[in-house]
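Values quoted throughout were computed directly from the atomic coordinates according to the rules given, and no laboratory measurement underlies them. Computed from a predicted model, the values in this text were never measured in an experiment. Note that we place each Cβ from the backbone using ideal geometry, even for glycine, and neighbour counts take in every protein chain shown.
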């Protein structure tokens, strides 16, 4: 493309360049390939080998002592077809249903609130009179995004600890009896806690993304609408929201693609993986982790089957969401 | 696009232009402004208060905790927690150095991996460009999942109980590569690369000496993403570092394990000295939280503009 541009501008230079290019072309390509090599190796080892390894889900994986993973997988592990999946949905049906319900349920709430709240806040903050105050508040709200779930888990603990926690101390000082927050008696509160924590941690991120999009909107659009007598609400409805649609579409597609995944830290750390709350926080990721590490020996069969379902269904959902958007709004689909 | 918000000074400079007058006229009512301000002050407080609370707890004396619990106004201040951390400094320093080392090494490696492929993908005449776009796109759609990844990393690559297990798996991401590719295509002029080529420079030299120096903002963005990801990571350590290799624990994972660790320390301290009963375990874990959070809380306000520019580039379709 560059060469052709040069051609139009100045014929002789372009001809020279073209000759050079032909002579050095393959060496150029080779150097680019060389530059790409380290990352290629990384992708093969850390992305494509695990994707290949997913055939564990269709095998009875047995580690052969002294032999490597690939040998064990290919020579020592008989094919079992869909047995692992059958186990997941017959013997284990109740737990399977529970983890799918939790994962998808929380994600649906996160998708709806995770778009609605940041968009609302971004529009609101762009209306504040004081720019300085907007900047300070936005910075403060962004803070939780930079903290790990382990740290957030300790924040929660400072409030909810049974003996020392602030909430129980307040309850006591008002004459109420304390609640064992990490025990079964508080199980009804935890879905709300988890939703709150997720929003608390990611709100600032969403807000920043939408604020950047809002600041990119051409101000003359608003001026024109004011001249036509549009109210603030009409401006939001007919200018801001339609212009935010591309970015909202992308965020939506990506969120739908993750609908079968969950943020392990949120579910596992903030609840302090309390045994009496398992029915609230067991998502697919937590389940897979538990059946690999919190058992006497890792269960390869149905664990890999649930991992496979998670990946495959997530991929399908992403493609569905993308084609839905492409159908109704062709410009805003992701691919 | 770097700053999400217009600079207040610039606004003042153009205070009397027609458009500004219009925007002044088009503002929300003072009442709405008041309500919005109130909402944002509440939200901002909600986001900062836990950090302040944890700092206060870490500075409370253990006696205060046992009588009054965690409180914003402790009965008695004290440095017990930090004193105790100092006493077990060999363990704590070890994990702080682990965290710092992993963060630096990981960020360096990550930058090498992402900038090189980002540059290669930005070269429109590269013959395998389409292949590579799919090559990095497929892992965004589909992944091997935890079990398969774990089995490959431990049984094939032998990463169990090594520093590499904490560094390699997080080093690269398709998202970062796409951000860099977008940056290189949109902001690095083709003329610069052409001029390098005319002068007979190799692609590696063009990349290292022409492209990288003018791409510092994008590199800073990705570098920050990586730095925070490594500093905040505990999951890799939980998966790949067993209790027999405590020396490899990063600080975050010490915090995950602290209940177990305190029990372990208490038992050992009991053997060594009689004052094990006054172990300030409640305040101590909050002191470790403070050590983790402070570098982030103090630095991110200065770095967030790079974050924002990265997020903005990253969410552009392309």
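How long are the three semi-axes of the equivalent ellipsoid of region A:230-335, in whole Å, if each is the root of 5 times an eigenvalue of the C-alpha gyration tensor, listed from largest down?
Numbers: eigenvalues 295, 73, 11 Å².
Rounded to whole Å, the semi-axes are 38, 19, 7.
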Ratio of Rg to Rh over region B:109-154 (Cα coordinates, Kirkwood Rh, two decimals):
1.10
Given a 10 angstrom Cα cut-off, can you work out which residue in A:321, A:25, A:161 is the most mobile in a GNM of chain A?
A:25
Considering just Cα atoms, how many Å³ per residue does the convex hull of region A:93-332 enclose?
165
Using only Cα atoms, what is the ratio of the radius of gyration of region A:40-99 to 2.2 N^0.38 Å?
1.38
Which number do you get for Rg(Cα) / (2.2 N^0.38 Å) in region B:42-131?
1.94
Can you give the Kirkwood hydrodynamic radius of region B:190-234 from its Cα pairs, in Å with one decimal?
12.1
Here, region A:180-259 modelled as identical Cα point scatterers in vacuum has Debye log10 I(q)/I(0) at q = 0.20, 0.27 Å⁻¹ of -0.95, -1.23
How many angstrom lie between the Cα centre of region A:201-234 and the Cα centre of region A:271-335?
35
Highest mean first, how do B:105-116, A:227-238, A:302-313 rank when packing is the count of other Cβ atoms within 10 Å averaged over residues?
A:302-313, B:105-116, A:227-238
Scale the Cα Rg of region A:72-198 by the rule-of-thumb value 2.2 N^0.38 Å and send over the ratio, two decimals.
1.60
Between the modelled labels at residue A:185 and residue B:26 (7 Å from Cα along Cα→Cβ) the distance in nm is 5.7
Hey, with R₀ at 25 Å, roughly what FRET efficiency would residue A:48 and residue A:80 work out to, going by the Cβ-Cβ distance, to 0.05?
0.60
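Roughly speaking, what % of Cα-Cα pairs in region B:84-219 are separated by over 25 Å, rounded to a whole number?
In whole percent, the share of Cα-Cα pairs in region B:84-219 beyond 25 Å is 44.
Hey, what D do you get for the protein assembly as shown in µm²/s if you plug the Kirkwood alpha-carbon radius into Stokes-Einstein at 4 °C and 1.567 mPa s?
Answer from the Stokes-Einstein relation: 47 µm²/s.
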